[in-house]
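The values are calculated or read from the model by the stated rules, or taken from the named source; none is laboratory data. These numbers were taken from a predicted model, which means no experiment stands behind them. Virtual Cβ from ideal backbone geometry, glycine too; neighbours counted across all protein chains shown.
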Amino acid sequence: MKLKSLAQLREIAMSLPSCTVAVAGADDSNILDALCTAHQTGLCNAILIGNPENIKKTADIHELDISSFAVEAAGTAEEAAEKAALLVSHGHADALMKGLIESSVFIRAAVRREHGLRRENTILSSVAVFEVPALQRFLLLTDAGFVPFPTLEEKKKLLSNAITAAGILGIKVPKIALLAAIETVNPKMPSTVEAAQLEALGKEGFFGDCDIAGPISLDLAVSPESALHKRYTHPVAGKADILLAPNIEAANILFKSLVHIARLSSGGMVIGAKCPVIFTSRGDSTETKLNTIALAIYEAAKKKTGEYVDE
């Protein structure tokens, strides 16, 4: 089934079996608010990890009832991340969630080999999911959180992860835009050279059933009018489902522009782990965190039913 909105996603997720989320660094009002709402609607339970006094104080100040949640003490961000990863690794929690801690600290714990949460022969990557009313479809963006300056080999894995995310959302034949500043290959702009190489692989069937265009500028990827005006013809032109940014800086800037300027509703997925990973920015709203929790639960349900396999 192809999902049409984040509201529909949340509604479906509420009907799925509840799960337990291990939250590393839980003393954050938006996170606690999202978790309380998620718990009230039957989405999930939670284990809150961090400074118990700070967690309780934050909950009290914002009048949030966390009495249903277990709380585990951790003296540092590193300890909180390790405890959360171990809880999932040992089967005491179903999903791993980043709270009010640095991304790098959280990622190190998530990918630590001893925890066994990372899938072999792949990388962890974030796939942002935006609801774009003007386009009447979801728009996926990668990677704004994990891989700073991906090599060509890493971009292959980022694309495979993004295609997996699209499949979870019901997008069976995704249209992929390999973003660059221009739509022609320029040897002085490595991102355009690599985009052309990836497009060639796509045409050979390396990424399965999908359409890939690159290099391609953002306007040509999402605006049919721009593509028509510039006489750019391609199955992806103006219809992109997935945007692959050339590096984390470009992805991060585009992500925050869509969130804070365009004010689009969003959520996020992490692909490449054996368990659902809920990875949100400290500045994300309660709604975004709730959408991301719902996406994790929906992903877990898809895995359990065998509708897709993330290998």
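Side notes on the structure shown:
- All of ILE248, ILE253 fail the test of being under 20 Å from VAL147 (Cβ atoms), surrounded by fewer than 22 Cβ atoms within 10 Å (Cβ to Cβ) and touching an Asp or Glu at 6+ places or on another chain (Cβ under 9 Å), apart from ILE248.
- Boolean, VAL127 is surrounded by 14 or more Cβ atoms within 10 Å (Cβ to Cβ), β-branched (Val, Ile, Thr), in contact (Cβ under 8 Å) with a residue 40 or more places away in the chain and not in a loop (DSSP other than H, G, I, E, B): yes
- Among the candidates ALA95, ALA128, ALA144, ALA134, residue that is small (Gly, Ala, Ser), modelled with pLDDT under 90 and under 30 Å from PRO174 (Cα atoms): ALA134
- Qualifying residue in the range 53-65 (condition: touching a strand residue (DSSP E or B) at 6+ places or on another chain (Cβ under 6 Å) and crowded, with 17+ Cβ neighbours inside 10 Å): yes
- Of all the numbered requirements in (1) surrounded by 16 or more Cβ atoms within 10 Å (Cβ to Cβ); (2) part of a loop (DSSP other than H, G, I, E, B); (3) more than 19 Å from the chain's Cα centre (by Cα); (4) at negative phi, ALA144 misses one, and that requirement is (3).
- Of all residues in the range 162-197, exactly one satisfies the criterion of being crowded, with 20+ Cβ neighbours inside 10 Å and among the basic types (Lys, Arg), namely LYS175.
- The range 99-110: number of residues that are under 16 Å from ILE248 (Cβ atoms) and either among the aromatic types (Phe, Trp, Tyr) or touching a strand residue (DSSP E or B) at 6+ places or on another chain (Cβ under 9 Å) (or both): 2
- Of all residues in the range 231-243, at least one satisfies being closer than 18 Å to LEU124 by Cα and in the same structural domain as PRO148 (by TED's automatic domain parsing).
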